[in-house]
Amino acid sequence: MKILCPTDFGPRALAAAAVASELARRTGGALELFHVLPVRSQPLSDLIAEGGALDEEIRSQRREQLYLQCEEIQRAGIEATARLADGDVDAAIVERARAIDADLIVMGAHDRPALERFILGSVAERTLRAAERPVLIVPPGVEALGKVDGGGATLRVVVAHDGRPASAGAVAFIKRLRRQLPCDVTFARFYWPIEEFDRLGLTGPRDLFAADPDVTSDLTRSLSMDVGVLPGTGSTAMIVEPGWGDPAQRILEFAHEQNCDLVIMGAESRRGLASLAHPPVARRVARHATGVPILFVPQPPASRGRAEVPGLFTVLAATDLSPGADRAVPFAYSLLSAHGGVVELCLVHERTLPSPPYVYDRPDDKKLTEAERSDLEKRLRALIPKSAEQLGITTHVTIIDGGRAAEAIVQAAERLVVDSLVLGSHGRSGGARAILGSVAQDVVRHSRRPVLIVPTPKDN
């Protein structure tokens, strides 16, 4: 691992150098100490007759400090170099990291009061916003990496995962790190209960403050798919919990509860108005962290090569048992005909649910009776093509009792984690479409997954 460690020779910079040195030693990597002499806004020679000589004296002192620190690291058996540069500090750090193709930037965060850091920012925070590679912030209260010295001690790591693309970088980094040294890894996913209840279409009274089993099951499955298999040595755990209040604060609290040595999380890329409306969690973590190093990893760049062909193994086919909707069902099976898979055959019995449905429950004479549900299930199974079993396609029948059709279909797709949806268009046009809308249109508008719309013959 190639590490760039900027330093201003202060206590926090020395702590950062200790963490960087230990990482380089344990991963068999190399370290570059880097000091930047800021460019003066006004030439010192304009104010002091011997300004030029003083500048050179400062440069000489900094160079000597830099090389003495580098030699001390080298005596510990770590490959280390030193470099002195001029310029804007955070811009110079980002440029140097790019020039040497550093795998990681390690730097200290000053222990100024939180309000002062909020108003003035810091070199570490500005570097975090500008860098396109991982940045490890060593905050106050951290003097070394881990709680033990030397050896092959296992590193205790918490990876904060929020289900967004930025978390992909954090997952990729922990996989790389665990190939190089033993790590016990805990993936933490904190969710907002109301958002998840609505996404999954959960009904009936729900505890807003306890871990919901349906949400936990769904998010754990999603997290497992995002993480995959971790290489190397060490344990792996996944924690899914409801989170209220500031997510940044909860991440830091959880890190201390776990007594971890390192937190890894995605570095968000919001800018401008988006940043003002939704301040990035990563920035707040960097600003308020104490006692544990925080590693921020940017989202991996989109591949510029050929796009891979996505696999379709689970398809949701929604129908209301009308001729146009039923006509679309065989197309769901055709998507899986080459390799098999699962078709989730779904029908929504529309009726008004209490609001919000995850808080209230009430008797409703419009609910399906057991006889009605059984009849609908038989009619759905009659739509299964005779060749489905021979093609290796399994069918699951789902009847959703309550809610608006489009919303319930999208929520079912989330609960069932399907790869695609298939449904028919009823062919409304002109004024009818403007007034009544279309279930297919609403599903396309709100679905997070690909949707195949099968038109009725009169749409052709």
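Decide, for the range 146-301, between rounded, prolate and oblate: order the square roots of the alpha carbon gyration tensor eigenvalues as a ≥ b ≥ c, take rounded if a/c falls under 1.5, and otherwise choose prolate if a/b is larger than b/c, else oblate. It is prolate, given that a/c is not under 1.5 and a/b is the larger ratio. Each of 2, 366, 386 was scored by other Cβ atoms within 10 Å of its Cβ. Arranged with the fewest first, they read 386, 366, 2.
How would you classify the range 314-459 from its alpha-carbon gyration tensor, with a ≥ b ≥ c the square roots of the eigenvalues: rounded for a/c under 1.5, else prolate if a/b is greater than b/c, otherwise oblate? Oblate, because a/c is 1.5 or more while a/b does not exceed b/c. How big is the antiparallel share of DSSP beta bridges in the range 314-459, given as a percent to the nearest 5? If I count the DSSP bridges inside the range 314-459, around 5 percent turn out antiparallel.
Sum up the charges of everything whose Cβ sits under 12 Å from the Cβ of residue 189, counting Lys and Arg as +1 and Asp and Glu as -1, but leave residue 189 out. Present the calculation step by step, with values, prior to reporting the outcome.
On the way: positive: 164, 221, 250; negative: 162, 196, 218, 226, 241.
Every neighbour counted, the sum reads -2.
A straight Cα-to-Cα reach below 17 Å connects residue 378 with the aspartates and glutamates 320, 326, 344, 370, 401, residues fewer than 8 places away in its own chain not being considered.
Taking K and R as +1 and D and E as -1, what net charge do the other residues with C-beta under 11 Å from the C-beta of residue 231 add up to? The partial results should precede the final answer.
Numbers: positive: 175, 176, 178, 179; negative: none.
With Lys, Arg at +1 and Asp, Glu at -1, the neighbours total +4.
Contact order for the range 146-301, expressed relative to its length and based on alpha carbon pairs under 8 Å spaced 6+ residues apart, stands at 34 percent.
A short reminder: the numbers here are calculations on the coordinates, not readings from a lab. Just so you know, these numbers come straight off a predicted model, no measurement behind them. Don't worry about glycine lacking a Cβ; one is built from the backbone with ideal geometry, like all the others, and counts go over all protein chains shown.
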